[in-house]
Structure formats: structure tokens, C-alpha cells
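Report on the structure given below.
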Amino acid sequence: MSDYDFDFFVIGAGSGGVRAARIAAGHGARVGIAEDRDLGGTCVNVGCVPKKLLAYAAHFRHDLEDAGAYGWNVGTFTHDWARLIANKNEEISRLNGVYQRLLDGAGVELIRGRAVLTGPHSMQIGDREVTAERILIAVGGWPSMPDIPGADEFGISSNEAFYLDDMPERVVIVGGGYIAVEFAGIFHALGASVTLVHRGDRILRGFDQDLRLELEEELQRSGVDVLLNTLPAGLTADANGVRRLSLSDGRELPCDQVMFATGRRPKTAGLGLETAGVGVDPYGAVVVDDQYRTSVPNIYAIGDVTDRFNLTPVAIAEGHALADTVFGNRPRGISYENIPTAVFSMPPIGTVGLTEEEARLQFDVGIYRTRFRPMRHTLSGRQDKIMMKLIVDRASDRVLGCHMIGPDAPEIIQALGVAMSAGATKADFDSTIPVHPTAAEEFVTMRSPVTD
């Protein structure tokens, strides 16, 4: 037994922190964890889980509209936003209880409150001083608001969007990343008039160019007004609550709500990192090595607070690997190659591996691409399209990237992530018997590369 209160103390009870705490405790460590908000972090409370529930709600509109083509007499339908949010809140509350039981079952002591480092082995949590031999920083990130007049006063982030009392009739979303395009689809499908304002010339920076173009076209075709190369300049609100977003080109957009999805930053302010000697980059992200160690050898960091691969499954994998390495005598890391990613836009995106742009910088590549209307819409008449794409290294025949936009893309891309992690070649894809009739079969039936 050490002279410290804990062998391992985790600051932040999000998905990654809870996984690290549980695994370390399972290896016999005395573990504590601090959280000043709800258990489960961003993903459970104001991220992946509630967003997916709202995306389900949005997709039902299309299902109801299409049902008539298959003989269903649906009639008039309306949406109850308040009931959706209430049911969503109930599910989030249930998940918070699950996280509490997981910690209790593992023997991890939960301390409610914000932990502030006071040294390399100590922290203050409310009135309690706690010491630990090793400390893990897993506090995640927080939405950042643009530095324009009225943004903080009259605008909201995605955090508040999950708890709106009423469904706004006119929404302006500022941003072009995955959060922005996801909420654009959700609000629009639930009945709002939506304008997406983005400073770049294309949405979804960092994704494959074909995916970016396809989603942009689908959003516009569905009725979302996409304004590119445009910056917000200021936000005001009148006595009736009507907002007016001023744009860099001089226009004004009247609306009922403005949501800023302009990025997230590590939640490190006021954490006492300077006092403990923990180094951060210019954006406040904790700097770590390949063993998740910070500039202080006994202090570690994982997940979004490091601002490297900001995905919940990555944080969970990092937390598990760290606990196994430090307390389980099983030194290991994780692979950051071929991480499957989904965007729950409308239509959704699934992607794994290199984009075409990235691959062309490193390899002589062959591009296989197909675009078609889903079978279900041959009766409904909806003009939605699916686009699938494979990027192949001509020299080795290895598949370097798989990209899809269309129904079930997130579900399909998971299996393709397994194939790519196993080093699958185009010949492996070609020799696989397709499941017919499905959309997924197109990934194993594309035979001819597109011309450059």
C-alpha cells in the first residue's frame, strides 16, 4: 500500500475515464474518480447517444412519407418535440445509472465535484484534498463559440440544442463539421427551415471529397440552404426573441434559433495543469507521448482532452490500454489506423481508411466508385442516392479506403473496418459472394476503376 489515498485517480467520468477506472480497479488498484457533471461525459449526455436518438426521430419522417408506396395508409402525422426530449432525457438518466453501477461494481470511489490539480500527486475536490500515485486526465472537450457580438448571449451550442423547450421553426446553424451537418438534417426533417452557414468552400473538411460533395448536394436538394464561404459577423435578438444573424457579406438572417457548431476545445481551463507542471499546446490540449504520459511522468491523459482522435471508442480503447499497461502488467497501445467513422447526417456517412486525396499523396491508386438509387425508393420515388467508393493501392492491391453515403452506411462500414484491419485486398473483395439484394453488395461487385 502506498502513502497516497489512491493508486490511480481519474479526473472526468466520461466513457474513456470510466473504462480506465474500471479496468485498473479490476487489476487490483485502489481507484477514485471525480466528476462535476453527469456520468458518461459528452457522448452519453450531449453527444453520440442523444444525437442518434434525435436522428432516429428525424428518419421516421421519411419512413412515414414513403410508407404509402408500400400500401400503408398513414394519413396526416405531426411531431411532438417535447415528448421526444422527455423520452430522450429518461434514457440518458437510465444510462447515468448504468455508469454509476459499473463504477460501484468495480469498487471505484466516485467523488462528485470538480477536481483541480494542486501538484503532481494531489488535487482539490471541493473541501476535500485527495492524493494519488498516478493521475489520469480525461475531462474531454467543450463547444467553442465564435468571437462575435451576441454569440454567447443569444446563440446556443449543440449542448443546449438537446434541451430546447420548443422546436424552432427557423434555425441557422453555423459550422460545416459533422455536428453542424447532423443537426441540419435533424432540424430540417423535424420540420424546421434550416440554413447552414460555413466559412469554407466545402462542408466536412477532412473527409473524402466525393462524400463532401454528395452530402452537400443531398442537403440542398432536401431543402437545407447551404451558404459557403460565409462568416457570421454578429447576432442580435429583439423583444420577441427573434434572432438576426449578420453575415460577412452584409446579409441578415432572421430566425428563431442560432446554433454554433464551430468546433470543440479541450476542457482544461481552471484544471490546475500549470500548477502540476502538465504541458499543453496553444489550444489547451494536453500533450502526451505514445504511452499517454504527459510532461509529468505520473500524470496521463486520454481522449478528447488530447485533441488527437476525438471519438468515444478511441477514448475507451486508450483508457483500457493504459490501465492494462500500468496496472495489469500487459503493456500495449492501440492502432490509430483504419478507424471507422460515422456521420449521422441525412443521408448518413460511413468511412474508414484514407481519403482519395490522402492516398494519392502516398500511392499509385485505383478508384472504384458507384452511385445509384436505393432499391426501397424504386417504389417510393424518392430521389436519394447512395455513393460507395473504394481506394486501392495498385502495387499491392490492398484496399486503402472505403467510403459510403446513404442508408445504413454506419452499419456497413463497421464490417469493412474489420476487413481493412486484416489487410484485405481488392481481390479479397472481388472473391466475396455478395448478399443479394442489398446495397452493401456493391462493395464486392465494383470491378472497373473509374477513369482519372
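The values are calculated or read from the model by the stated rules, or taken from the named source; none is laboratory data. Because the structure is predicted, anything quoted here is derived from the model rather than measured. Quick reminder, even Gly has a Cβ in these numbers, built from the backbone with ideal geometry, and neighbours come from all protein chains shown.
Can you pull out the residues in region 127-144 that are farther than 21 Å from L322 by Cα and either touching a Lys or Arg at 6+ places or on another chain (Cβ under 8 Å) or not assigned by TED's automatic domain parsing to the domain that holds Y292 (or both)? Can you show your working first?
Initial filter on region 127-144 (farther than 21 Å from L322 by Cα): 127-130, 142-144.
W142, P143, S144, listed by residue number.
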Query raised in the report: Can you tell which of T351, T378, T275 is in a strand (DSSP E or B) and either out of contact with any Lys or Arg (no Cβ under 8 Å at 6 or more places or on another chain) or closer than 27 Å to R447 by Cβ (or both)?
Result: T351
**Report entry** region 69-83, subset assigned to a helix (DSSP H, G or I) and in contact (Cβ under 8 Å) with a residue 60 or more places away in the chain, residue nearest to L379 (Cα to Cα)
**Finding:** A69
Query raised in the report: When the residues of region 320-354 are filtered to those that are buried (at least 20 other Cβ atoms within 10 Å of the Cβ) and over 18 Å from the mean Cα position of the chain (by Cα), which remaining residue is nearest to G406 (Cα to Cα)?
Result: L354
Query raised in the report: Can you pull out the residues in region 115-153 that are buried (at least 21 other Cβ atoms within 10 Å of the Cβ) and touching a Pro at 6+ places or on another chain (Cβ under 6 Å)?
Result: G141
Query raised in the report: Could you list, in sequence order, the residues of region 13-30 that are among the charged types (D, E, K, R) and assigned to a helix (DSSP H, G or I)?
Result: R19, R22
Requested in this report: Confirm whether V10 is part of a helix (DSSP H, G or I) and modelled with pLDDT of 95 or more.
Outcome: no
Report task. Please work out if G97 is of a type outside the set (S, T, N, Q), modelled with pLDDT of 95 or more, crowded, with 20+ Cβ neighbours inside 10 Å and assigned to a helix (DSSP H, G or I). Result -> no
**Report entry** Filter pass, R114 being under 29 Å from D127 (Cα atoms) and outside the structural domain of Y178 (by TED's automatic domain parsing)
**Finding:** yes
